[in-house]
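Values quoted throughout were computed directly from the atomic coordinates according to the rules given, and no laboratory measurement underlies them. All figures in this text were calculated on a predicted structure; none of them were measured in a lab. When we count neighbours, we look across all protein chains shown, and the Cβ atoms used for this are built from the backbone with ideal geometry, even at glycine.
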Amino acid sequence: MRCSLFTRESVLASDWYAARLDTKQRSDEARLKRVVASLYEFLDNPDNAGVANRLGLAARREQAQGERVRVGSAEYRAGLVGTLGLQALDEVR
């Protein structure tokens, strides 16, 4: 006899699984927010202008901002279905 608690359908429909996916999305958003903030801080320092230009950091910052917006979308959250997500205890703040 197969326990219905552990079928794919019941796991995907469970509140605890949805919480794992929400935690993963929040963690990804927080990471990208830190990346963008670090790039702004680095680019705001005039002493870093040469390195920033050589590495194309302004363009990278724009890419990171775009990724942060994408990660915050409902489409991204829907794309997490079927993944492990992230346990709330592991959440990065």
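Within segment 45-52, does at least one residue satisfy the condition of being touching a residue at least 24 places away in the same chain (Cβ under 8 Å), at negative phi and surrounded by 12 or more Cβ atoms within 10 Å (Cβ to Cβ)?
Restricting attention to segment 45-52, the residues satisfying the condition of being touching a residue at least 24 places away in the same chain (Cβ under 8 Å) are none.
Within segment 45-52, none of the residues are touching a residue at least 24 places away in the same chain (Cβ under 8 Å), at negative phi and surrounded by 12 or more Cβ atoms within 10 Å (Cβ to Cβ).
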* To do: Give just the number: which of (1) of a type in the set (A, V, I, L, M, F, W, C); (2) in a helix (DSSP H, G or I); (3) touching a helix residue (DSSP H, G or I) at 6+ places or on another chain (Cβ under 9 Å) does A59 not satisfy?
  => (3)
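Taking the condition surrounded by 16 or more Cβ atoms within 10 Å (Cβ to Cβ) and either aromatic (F, W, Y) or in a helix (DSSP H, G or I) (or both), does R26 pass? Can you show your working first?
Numbers: surrounded by 16 or more Cβ atoms within 10 Å (Cβ to Cβ): yes; either aromatic (F, W, Y) or in a helix (DSSP H, G or I) (or both): yes.
In short, yes.
For the condition touching a helix residue (DSSP H, G or I) at 6+ places or on another chain (Cβ under 6 Å), surrounded by 14 or more Cβ atoms within 10 Å (Cβ to Cβ), outside any helix (DSSP H, G or I) and of a type in the set (A, V, I, L, M, F, W, C), what is the one hit in L86, L32?
On the way: L32 fails: outside any helix (DSSP H, G or I).
Criteria check complete, one pass: L86.
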* To do: For L57, work out the one condition from (1) more than 30 Å from F6 (Cβ to Cβ); (2) surrounded by fewer than 13 Cβ atoms within 10 Å (Cβ to Cβ); (3) touching a residue at least 12 places away in the same chain (Cβ under 8 Å) it doesn't fulfil.
  => (2)
* To do: Output the number of residues of segment 4-18 satisfying the condition of being in contact (Cβ under 8 Å) with a residue 60 or more places away in the chain and either outside any helix (DSSP H, G or I) or of a type in the set (A, V, I, L, M, F, W, C) (or both).
  => 1
* L21: surrounded by 14 or more Cβ atoms within 10 Å (Cβ to Cβ), in a loop (DSSP other than H, G, I, E, B) and in contact (Cβ under 8 Å) with a residue 12 or more places away in the chain, yes or no? -> no
